[in-house]
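Here the structure is laid out as C-alpha coordinates; the discussion comes afterwards.
The values are calculated or read from the model by the stated rules, or taken from the named source; none is laboratory data. This one's a predicted model, so the numbers in the text were calculated from it and none came from an experiment. Here the Cβ is made from the backbone with ideal geometry for all residues, glycine too, and neighbour counts use every protein chain on show.
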Amino acid sequence: MKRLLILGATGSIGTTCLNAFRSSLVSGIGIAGLVSSSNKSILSLGKEFNSPVFLAEGRSREEIRAFIESVSPDIALNGVSGIAGLLYSDLLADMGIDIALANKESVVLGGRYLLDKAKRKGVSIIPVDSEHSAIHALLAGRKAERLIITASGGPFRERKEMSGITVEEALSHPTWKMGRKITIDSATLANKALEVIEASYLFSFPPDRIDVTVHKESIVHSMIECSDGSVFALLSVPDMTLPIVSAITGESCGRLVRPLDFRNATLTFEDWDRERFPMLSLGYSALESGGAFPIAFASADEIAVKAFLDGRIAFTDIPRIAEEVLGGDWTNVPSSMDEIISLSEEAAAKAEEACSRV
Ligand code: NDP
Ligand code: MG
(Lines give C-alpha, C1' and ligand atoms only; values in the text may rest on other atoms or scores of the structure.)
(Ligands and ions follow the chains in the order given, each with its own letter.)
Protein backbone atom coordinates (compact mmCIF):
# COMPACT_ATOMS: atom_id res chain seq x y z
CA MET A 1 0.00 0.00 0.00
CA LYS A 2 1.43 3.37 -1.10
CA ARG A 3 1.51 6.03 1.66
CA LEU A 4 0.21 9.53 0.88
CA LEU A 5 0.96 12.71 2.80
CA ILE A 6 -1.55 15.52 2.19
CA LEU A 7 -0.14 19.03 2.57
CA GLY A 8 -2.87 21.65 2.79
CA ALA A 9 -5.39 19.02 3.89
CA THR A 10 -7.96 21.62 5.05
CA GLY A 11 -7.95 23.55 1.75
CA SER A 12 -9.85 23.13 -1.50
CA ILE A 13 -7.36 20.67 -3.05
CA GLY A 14 -6.95 18.77 0.25
CA THR A 15 -10.72 18.51 0.73
CA THR A 16 -11.28 17.26 -2.84
CA CYS A 17 -8.62 14.62 -2.22
CA LEU A 18 -10.11 13.55 1.11
CA ASN A 19 -13.59 13.42 -0.45
CA ALA A 20 -12.20 11.03 -3.07
CA PHE A 21 -11.07 8.77 -0.18
CA ARG A 22 -14.50 9.17 1.48
CA SER A 23 -16.17 8.09 -1.76
CA SER A 24 -13.78 5.13 -2.12
CA LEU A 25 -12.44 6.45 -5.44
CA VAL A 26 -8.84 5.78 -4.40
CA SER A 27 -7.44 2.28 -4.09
CA GLY A 28 -4.02 1.00 -3.13
CA ILE A 29 -3.18 4.17 -1.18
CA GLY A 30 -3.33 4.88 2.53
CA ILE A 31 -3.14 8.29 4.19
CA ALA A 32 0.20 8.68 5.97
CA GLY A 33 -0.30 12.18 7.38
CA LEU A 34 -2.19 15.45 7.11
CA VAL A 35 -0.73 18.95 7.29
CA SER A 36 -2.38 22.36 7.49
CA SER A 37 -1.23 25.76 8.65
CA SER A 38 -3.41 26.68 11.62
CA ASN A 39 -6.86 25.24 10.88
CA LYS A 40 -7.78 23.09 13.88
CA SER A 41 -10.32 21.09 11.87
CA ILE A 42 -7.31 19.00 10.90
CA LEU A 43 -7.64 17.33 14.31
CA SER A 44 -11.00 15.83 13.43
CA LEU A 45 -9.69 14.89 9.98
CA GLY A 46 -6.87 13.05 11.73
CA LYS A 47 -9.41 11.07 13.76
CA GLU A 48 -11.62 10.39 10.74
CA PHE A 49 -8.71 9.09 8.62
CA ASN A 50 -6.80 7.58 11.52
CA SER A 51 -3.78 9.62 10.56
CA PRO A 52 -1.13 11.75 12.29
CA VAL A 53 -1.63 15.48 11.81
CA PHE A 54 0.66 18.50 11.88
CA LEU A 55 -0.11 22.20 12.27
CA ALA A 56 2.72 24.02 10.51
CA GLU A 57 2.18 27.60 11.63
CA GLY A 58 5.20 28.84 13.56
CA ARG A 59 7.13 25.60 13.00
CA SER A 60 10.67 25.46 11.61
CA ARG A 61 11.82 23.68 8.47
CA GLU A 62 13.52 21.09 10.71
CA GLU A 63 10.30 20.39 12.64
CA ILE A 64 8.35 20.01 9.40
CA ARG A 65 11.04 17.73 8.03
CA ALA A 66 10.96 15.63 11.21
CA PHE A 67 7.19 15.21 10.91
CA ILE A 68 7.45 14.13 7.26
CA GLU A 69 10.21 11.68 8.19
CA SER A 70 8.12 10.26 11.01
CA VAL A 71 5.22 9.41 8.69
CA SER A 72 7.50 8.14 5.85
CA PRO A 73 5.29 8.84 2.83
CA ASP A 74 5.94 7.50 -0.68
CA ILE A 75 4.20 10.47 -2.25
CA ALA A 76 2.90 13.85 -1.08
CA LEU A 77 0.10 15.97 -2.49
CA ASN A 78 1.27 19.58 -2.26
CA GLY A 79 -2.00 21.50 -1.88
CA VAL A 80 -0.52 24.32 0.19
CA SER A 81 -1.56 27.75 -1.07
CA GLY A 82 0.86 30.36 -2.37
CA ILE A 83 4.61 30.73 -2.01
CA ALA A 84 4.50 28.87 1.34
CA GLY A 85 4.23 25.72 -0.81
CA LEU A 86 7.81 26.16 -2.03
CA LEU A 87 9.31 25.01 1.27
CA TYR A 88 7.40 21.73 1.01
CA SER A 89 8.29 21.00 -2.63
CA ASP A 90 11.93 21.71 -1.79
CA LEU A 91 11.86 19.48 1.31
CA LEU A 92 10.15 16.65 -0.55
CA ALA A 93 12.70 16.85 -3.36
CA ASP A 94 15.51 16.78 -0.78
CA MET A 95 13.95 13.79 0.93
CA GLY A 96 13.37 11.84 -2.32
CA ILE A 97 9.57 11.81 -1.97
CA ASP A 98 7.43 11.97 -5.13
CA ILE A 99 5.26 15.07 -5.45
CA ALA A 100 1.70 15.33 -6.75
CA LEU A 101 1.94 19.05 -7.35
CA ALA A 102 -1.00 21.41 -7.12
CA ASN A 103 1.09 24.28 -5.73
CA LYS A 104 2.16 26.04 -8.95
CA GLU A 105 4.01 28.78 -7.06
CA SER A 106 6.71 26.29 -6.06
CA VAL A 107 7.59 25.60 -9.70
CA VAL A 108 7.41 29.28 -10.66
CA LEU A 109 9.83 30.19 -7.86
CA GLY A 110 11.87 26.99 -7.70
CA GLY A 111 12.22 26.83 -11.49
CA ARG A 112 15.10 24.85 -12.94
CA TYR A 113 16.79 24.69 -9.54
CA LEU A 114 13.91 22.71 -8.01
CA LEU A 115 13.33 20.55 -11.09
CA ASP A 116 17.03 19.69 -11.41
CA LYS A 117 17.17 18.74 -7.75
CA ALA A 118 14.09 16.55 -8.12
CA LYS A 119 15.68 14.86 -11.13
CA ARG A 120 18.95 14.26 -9.27
CA LYS A 121 17.07 12.71 -6.37
CA GLY A 122 14.89 10.56 -8.65
CA VAL A 123 11.75 12.41 -7.52
CA SER A 124 8.76 12.44 -9.88
CA ILE A 125 6.75 15.65 -10.01
CA ILE A 126 3.27 14.80 -11.25
CA PRO A 127 1.22 17.90 -12.07
CA VAL A 128 -2.19 18.31 -10.47
CA ASP A 129 -3.08 21.73 -11.86
CA SER A 130 -5.81 20.67 -14.33
CA GLU A 131 -4.12 22.20 -17.40
CA HIS A 132 -0.75 20.63 -16.63
CA SER A 133 -2.30 17.33 -15.67
CA ALA A 134 -3.97 17.30 -19.11
CA ILE A 135 -0.74 18.24 -20.94
CA HIS A 136 1.20 15.61 -18.94
CA ALA A 137 -1.30 12.95 -20.05
CA LEU A 138 -1.38 14.19 -23.66
CA LEU A 139 2.42 14.27 -23.98
CA ALA A 140 2.76 10.61 -22.98
CA GLY A 141 4.11 8.99 -26.13
CA ARG A 142 3.71 12.17 -28.23
CA LYS A 143 5.95 15.03 -29.24
CA ALA A 144 4.30 18.44 -29.31
CA GLU A 145 5.27 21.67 -31.05
CA ARG A 146 2.94 23.91 -29.10
CA LEU A 147 1.01 23.84 -25.85
CA ILE A 148 -2.39 25.49 -25.74
CA ILE A 149 -3.49 26.24 -22.20
CA THR A 150 -7.16 26.90 -21.67
CA ALA A 151 -8.45 29.60 -19.33
CA SER A 152 -11.98 29.94 -18.03
CA GLY A 153 -11.56 33.71 -18.27
CA GLY A 154 -12.67 34.14 -14.65
CA PRO A 155 -15.58 36.26 -13.41
CA PHE A 156 -14.64 39.32 -15.50
CA ARG A 157 -14.36 37.69 -18.90
CA GLU A 158 -17.15 39.89 -20.21
CA ARG A 159 -16.82 42.89 -17.92
CA LYS A 160 -15.91 46.04 -19.86
CA GLU A 161 -15.02 48.38 -16.99
CA MET A 162 -12.39 46.99 -14.60
CA SER A 163 -12.55 49.79 -12.05
CA GLY A 164 -14.69 49.45 -8.92
CA ILE A 165 -14.40 45.64 -8.71
CA THR A 166 -15.20 44.46 -5.18
CA VAL A 167 -13.52 41.61 -3.30
CA GLU A 168 -16.80 39.73 -3.31
CA GLU A 169 -17.15 40.05 -7.11
CA ALA A 170 -13.57 38.91 -7.62
CA LEU A 171 -14.10 35.91 -5.33
CA SER A 172 -17.06 34.52 -7.29
CA HIS A 173 -15.46 32.28 -9.88
CA PRO A 174 -17.87 30.97 -12.54
CA THR A 175 -16.64 27.38 -12.79
CA TRP A 176 -14.21 26.42 -10.02
CA LYS A 177 -14.57 26.60 -6.22
CA MET A 178 -11.04 27.21 -4.95
CA GLY A 179 -9.01 28.99 -2.25
CA ARG A 180 -8.96 32.79 -2.09
CA LYS A 181 -5.50 33.43 -3.56
CA ILE A 182 -6.01 31.33 -6.70
CA THR A 183 -9.53 32.72 -7.13
CA ILE A 184 -8.27 36.30 -7.25
CA ASP A 185 -5.45 35.15 -9.55
CA SER A 186 -8.09 33.65 -11.84
CA ALA A 187 -9.93 36.98 -11.93
CA THR A 188 -6.80 38.93 -12.99
CA LEU A 189 -5.51 36.05 -15.20
CA ALA A 190 -2.34 36.03 -13.05
CA ASN A 191 -3.25 32.39 -12.48
CA LYS A 192 -2.86 31.77 -16.21
CA ALA A 193 0.43 33.65 -16.18
CA LEU A 194 1.69 31.42 -13.34
CA GLU A 195 0.46 28.40 -15.32
CA VAL A 196 2.30 29.46 -18.49
CA ILE A 197 5.50 29.77 -16.43
CA GLU A 198 4.78 26.45 -14.69
CA ALA A 199 4.23 24.75 -18.07
CA SER A 200 7.40 26.26 -19.50
CA TYR A 201 9.48 24.79 -16.67
CA LEU A 202 7.66 21.47 -16.33
CA PHE A 203 7.55 20.61 -20.02
CA SER A 204 10.63 22.56 -21.22
CA PHE A 205 8.70 24.76 -23.67
CA PRO A 206 9.73 28.34 -24.48
CA PRO A 207 7.07 31.05 -23.99
CA ASP A 208 6.55 31.56 -27.74
CA ARG A 209 5.36 27.96 -28.01
CA ILE A 210 2.79 28.23 -25.21
CA ASP A 211 -0.53 29.84 -26.08
CA VAL A 212 -3.51 30.69 -23.92
CA THR A 213 -7.07 30.48 -25.17
CA VAL A 214 -10.17 31.48 -23.24
CA HIS A 215 -12.56 28.56 -23.03
CA LYS A 216 -15.33 29.56 -20.68
CA GLU A 217 -16.87 26.09 -20.34
CA SER A 218 -13.72 24.66 -18.64
CA ILE A 219 -14.28 21.30 -20.33
CA VAL A 220 -11.16 21.22 -22.50
CA HIS A 221 -8.41 21.25 -19.86
CA SER A 222 -5.62 22.01 -22.35
CA MET A 223 -4.31 20.92 -25.73
CA ILE A 224 -1.09 20.02 -27.49
CA GLU A 225 -0.34 20.65 -31.15
CA CYS A 226 1.92 18.23 -33.00
CA SER A 227 4.23 19.01 -35.94
CA ASP A 228 1.72 17.71 -38.49
CA GLY A 229 -0.85 20.20 -37.23
CA SER A 230 -2.99 17.71 -35.34
CA VAL A 231 -4.24 18.86 -31.96
CA PHE A 232 -4.94 16.60 -29.01
CA ALA A 233 -7.16 17.77 -26.17
CA LEU A 234 -8.22 16.35 -22.84
CA LEU A 235 -11.86 16.85 -21.96
CA SER A 236 -13.85 16.18 -18.83
CA VAL A 237 -16.37 17.87 -16.60
CA PRO A 238 -14.56 20.45 -14.45
CA ASP A 239 -13.79 18.48 -11.29
CA MET A 240 -10.36 18.43 -9.62
CA THR A 241 -10.98 14.84 -8.47
CA LEU A 242 -9.66 13.63 -11.83
CA PRO A 243 -6.24 15.33 -11.83
CA ILE A 244 -5.74 14.77 -8.08
CA VAL A 245 -6.57 11.07 -8.02
CA SER A 246 -4.76 10.28 -11.27
CA ALA A 247 -1.64 12.05 -9.95
CA ILE A 248 -1.58 10.17 -6.65
CA THR A 249 -2.45 6.75 -8.05
CA GLY A 250 -0.25 7.16 -11.14
CA GLU A 251 -2.32 4.72 -13.13
CA SER A 252 -5.76 4.48 -14.59
CA CYS A 253 -8.41 4.19 -11.93
CA GLY A 254 -12.11 3.43 -11.97
CA ARG A 255 -14.55 6.15 -12.98
CA LEU A 256 -13.65 9.36 -11.19
CA VAL A 257 -16.00 11.98 -12.62
CA ARG A 258 -19.42 11.91 -14.26
CA PRO A 259 -19.42 11.52 -18.05
CA LEU A 260 -19.69 14.52 -20.35
CA ASP A 261 -23.05 14.98 -21.94
CA PHE A 262 -22.36 15.86 -25.58
CA ARG A 263 -26.03 16.30 -26.39
CA ASN A 264 -25.86 19.69 -24.67
CA ALA A 265 -22.18 20.57 -24.87
CA THR A 266 -20.99 23.79 -26.48
CA LEU A 267 -17.27 24.43 -26.64
CA THR A 268 -16.10 27.95 -27.38
CA PHE A 269 -12.61 29.44 -27.68
CA GLU A 270 -11.62 33.08 -27.84
CA ASP A 271 -8.50 35.18 -27.51
CA TRP A 272 -7.78 36.94 -24.23
CA ASP A 273 -7.97 40.70 -23.88
CA ARG A 274 -4.48 42.22 -23.43
CA GLU A 275 -5.94 45.55 -22.29
CA ARG A 276 -8.13 44.26 -19.48
CA PHE A 277 -5.82 41.48 -18.28
CA PRO A 278 -2.29 42.93 -18.10
CA MET A 279 -1.20 40.30 -15.54
CA LEU A 280 -1.02 37.65 -18.25
CA SER A 281 1.16 39.87 -20.47
CA LEU A 282 3.38 40.63 -17.46
CA GLY A 283 3.72 36.91 -16.71
CA TYR A 284 4.76 36.20 -20.31
CA SER A 285 7.34 38.97 -20.25
CA ALA A 286 8.69 37.78 -16.89
CA LEU A 287 9.15 34.32 -18.40
CA GLU A 288 10.80 35.75 -21.53
CA SER A 289 13.16 37.85 -19.40
CA GLY A 290 14.22 34.76 -17.42
CA GLY A 291 16.56 35.06 -14.41
CA ALA A 292 14.59 35.87 -11.29
CA PHE A 293 11.80 37.75 -13.15
CA PRO A 294 9.29 34.90 -12.62
CA ILE A 295 10.15 34.94 -8.90
CA ALA A 296 9.58 38.71 -8.78
CA PHE A 297 6.29 38.35 -10.67
CA ALA A 298 4.86 35.64 -8.38
CA SER A 299 6.08 37.35 -5.20
CA ALA A 300 4.68 40.76 -6.18
CA ASP A 301 1.39 39.16 -7.18
CA GLU A 302 1.04 37.37 -3.84
CA ILE A 303 1.54 40.60 -1.89
CA ALA A 304 -0.79 42.57 -4.17
CA VAL A 305 -3.53 39.92 -3.92
CA LYS A 306 -3.31 39.99 -0.14
CA ALA A 307 -3.50 43.80 -0.13
CA PHE A 308 -6.57 43.66 -2.42
CA LEU A 309 -8.26 41.08 -0.18
CA ASP A 310 -7.51 43.28 2.84
CA GLY A 311 -9.11 46.26 1.09
CA ARG A 312 -5.84 48.20 0.92
CA ILE A 313 -5.60 48.47 -2.87
CA ALA A 314 -7.99 48.31 -5.84
CA PHE A 315 -8.28 45.35 -8.21
CA THR A 316 -6.65 47.41 -10.98
CA ASP A 317 -3.68 48.19 -8.70
CA ILE A 318 -2.63 44.50 -8.74
CA PRO A 319 -1.01 44.68 -12.23
CA ARG A 320 0.38 48.15 -11.48
CA ILE A 321 2.24 46.77 -8.48
CA ALA A 322 3.51 43.74 -10.39
CA GLU A 323 4.68 45.98 -13.23
CA GLU A 324 6.50 48.32 -10.85
CA VAL A 325 8.32 45.42 -9.15
CA LEU A 326 9.21 43.87 -12.52
CA GLY A 327 10.83 47.19 -13.45
CA GLY A 328 13.72 46.26 -11.11
CA ASP A 329 16.82 44.28 -12.03
CA TRP A 330 15.97 40.58 -11.65
CA THR A 331 18.49 39.27 -14.14
CA ASN A 332 20.45 37.08 -11.69
CA VAL A 333 19.72 33.38 -12.01
CA PRO A 334 19.45 31.99 -8.46
CA SER A 335 21.51 28.90 -7.76
CA SER A 336 20.27 27.91 -4.32
CA MET A 337 17.05 27.81 -2.33
CA ASP A 338 18.42 30.53 -0.04
CA GLU A 339 18.91 32.81 -3.04
CA ILE A 340 15.41 32.04 -4.33
CA ILE A 341 13.89 32.88 -0.95
CA SER A 342 15.88 36.06 -0.56
CA LEU A 343 14.92 37.25 -4.10
CA SER A 344 11.29 36.47 -3.31
CA GLU A 345 11.53 38.45 -0.05
CA GLU A 346 13.14 41.36 -1.87
CA ALA A 347 10.33 41.43 -4.46
CA ALA A 348 7.70 41.09 -1.71
CA ALA A 349 9.21 44.04 0.19
CA LYS A 350 9.17 46.17 -2.99
CA ALA A 351 5.55 45.18 -3.58
CA GLU A 352 4.60 46.02 0.03
CA GLU A 353 6.21 49.39 -0.38
CA ALA A 354 4.32 49.98 -3.65
CA CYS A 355 1.02 48.95 -1.97
CA SER A 356 1.60 51.43 0.83
CA ARG A 357 1.92 54.26 -1.72
CA VAL A 358 -1.40 53.48 -3.44
P1 NDP B 1 -6.77 26.88 -0.05
O2 NDP B 1 -6.57 28.27 0.36
O3 NDP B 1 -8.17 26.37 -0.21
O4 NDP B 1 -6.02 25.89 0.95
C5 NDP B 1 -4.70 26.08 1.31
C6 NDP B 1 -4.24 25.01 2.25
O7 NDP B 1 -2.85 25.21 2.51
C8 NDP B 1 -4.93 25.00 3.61
O9 NDP B 1 -5.04 23.68 4.06
C10 NDP B 1 -3.95 25.78 4.49
O11 NDP B 1 -4.05 25.47 5.87
C12 NDP B 1 -2.64 25.25 3.91
N13 NDP B 1 -1.49 26.09 4.20
C14 NDP B 1 -1.32 27.40 3.95
N15 NDP B 1 -0.09 27.80 4.34
C16 NDP B 1 0.52 26.71 4.85
C17 NDP B 1 1.79 26.46 5.41
N18 NDP B 1 2.72 27.45 5.53
N19 NDP B 1 2.09 25.21 5.83
C20 NDP B 1 1.18 24.22 5.71
N21 NDP B 1 -0.04 24.38 5.19
C22 NDP B 1 -0.36 25.62 4.76
O23 NDP B 1 -5.97 26.69 -1.44
P24 NDP B 1 -6.29 25.75 -2.66
O25 NDP B 1 -6.55 24.36 -2.20
O26 NDP B 1 -7.31 26.38 -3.54
O27 NDP B 1 -4.93 25.81 -3.49
C28 NDP B 1 -3.77 25.14 -3.05
C29 NDP B 1 -2.72 25.16 -4.15
O30 NDP B 1 -3.21 24.40 -5.26
C31 NDP B 1 -2.44 26.57 -4.70
O32 NDP B 1 -1.09 26.69 -5.04
C33 NDP B 1 -3.29 26.65 -5.95
O34 NDP B 1 -2.76 27.51 -6.93
C35 NDP B 1 -3.23 25.19 -6.44
N36 NDP B 1 -4.38 24.79 -7.25
C37 NDP B 1 -5.63 24.78 -6.69
C38 NDP B 1 -6.74 24.42 -7.44
C39 NDP B 1 -8.09 24.32 -6.81
O40 NDP B 1 -9.02 23.82 -7.45
N41 NDP B 1 -8.29 24.78 -5.60
C42 NDP B 1 -6.60 24.08 -8.87
C43 NDP B 1 -5.23 24.09 -9.34
C44 NDP B 1 -4.18 24.45 -8.56
P45 NDP B 1 -5.06 26.28 6.86
O46 NDP B 1 -6.44 25.82 6.47
O47 NDP B 1 -4.64 25.90 8.21
O48 NDP B 1 -4.85 27.75 6.54
MG1 MG C 1 -5.21 25.48 -13.37
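Here is how the numbers come out for the structure above:
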| quantity | calculated |
| --- | --- |
| Qualifying position, being part of a helix (DSSP H, G or I) and under 30 Å from residue 20 (Cα atoms), among 199, 233 | 199 |
| Single unsatisfied condition, residue 356 versus (1) among the small types (Gly, Ala, Ser); (2) modelled with pLDDT of 95 or more; (3) surrounded by fewer than 16 Cβ atoms within 10 Å (Cβ to Cβ); (4) in a loop (DSSP other than H, G, I, E, B) | (4) |
| Residue tally, condition in contact (Cβ under 8 Å) with a residue 40 or more places away in the chain and either of a type in the set (S, T, N, Q) or surrounded by fewer than 22 Cβ atoms within 10 Å (Cβ to Cβ) (or both), over the range 258-277 | 10 |
| Within the range 154-190, considering residues that are in a loop (DSSP other than H, G, I, E, B) and touching a His at 6+ places or on another chain (Cβ under 8 Å), the one nearest to ligand 1 (Cβ to nearest atom) | 154 |
| Within the range 48-82, tally of residues that are in contact with a helix residue (DSSP H, G or I) (Cβ under 7 Å, 6 or more places away or on another chain), touching a residue at least 60 places away in the same chain (Cβ under 8 Å) and outside any helix (DSSP H, G or I) | 7 |
| Output for the range 133-147, where each listed residue is buried (at least 20 other Cβ atoms within 10 Å of the Cβ) and within 16 Å of ligand 1 (Cβ to nearest atom) | 133, 134, 135, 136 |
| Considering residues of the range 108-132 that are within 25 Å of residue 236 (Cα to Cα) and out of contact with any Ser or Thr (no Cβ under 7 Å at 6 or more places or on another chain) only, the residue nearest to ligand 1 (Cβ to nearest atom) | 129 |
| Residue in the range 26-47 that is among the polar types (S, T, N, Q), free of Cβ contacts under 8 Å to residues at least 40 places away in the same chain, more than 28 Å from residue 343 (Cβ to Cβ) and buried (at least 18 other Cβ atoms within 10 Å of the Cβ) present | no |
| Single condition residue 164 does not satisfy, out of (1) within 13 Å of ligand 2 (Cβ to nearest atom); (2) over 19 Å from the mean Cα position of the chain (by Cα) | (1) |
| Of the criteria (1) modelled with pLDDT of 95 or more; (2) part of a loop (DSSP other than H, G, I, E, B); (3) over 22 Å from residue 294 (Cβ atoms), which one residue 205 fails | (3) |
| Meets criteria (in contact with a helix residue (DSSP H, G or I) (Cβ under 7 Å, 6 or more places away or on another chain) and part of a strand (DSSP E or B)) for residue 135 | no |
| Some residue of the range 201-215 being within 16 Å of ligand 1 (Cβ to nearest atom) and closer than 23 Å to residue 87 by Cβ | yes |
| Members of the range 83-107 found to be within 13 Å of ligand 1 (Cβ to nearest atom), surrounded by fewer than 22 Cβ atoms within 10 Å (Cβ to Cβ) and either small (Gly, Ala, Ser) or farther than 20 Å from residue 63 by Cα (or both), listed by number | 84 |
| Selection from the range 3-18 of residues that are away from ligand 2 (no atom under 16 Å from the Cβ), farther than 16 Å from residue 73 by Cα and part of a loop (DSSP other than H, G, I, E, B) | 10 |
| Failed item in (1) more than 14 Å from ligand 1 (Cβ to nearest atom); (2) at pLDDT below 95; (3) closer than 27 Å to residue 286 by Cβ, with residue 253 passing the rest | (3) |
| Count of the range 19-43 residues which are more than 15 Å from residue 254 (Cα to Cα) and assigned to a strand (DSSP E or B) | 7 |
| Residue check, residue 122 on the phi > 0 side of the Ramachandran plot, touching a Phe, Trp or Tyr at 6+ places or on another chain (Cβ under 9 Å) and either surrounded by fewer than 24 Cβ atoms within 10 Å (Cβ to Cβ) or in a loop (DSSP other than H, G, I, E, B) (or both) | no |
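Yes/no matrix, rows are residues, columns are (1) small (Gly, Ala, Ser); (2) buried (at least 18 other Cβ atoms within 10 Å of the Cβ):
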residue: 303; (1), (2): no, yes
residue: 306; (1), (2): no, yes
residue: 311; (1), (2): yes, no
residue: 321; (1), (2): no, yes
residue: 333; (1), (2): no, no
residue: 349; (1), (2): yes, no
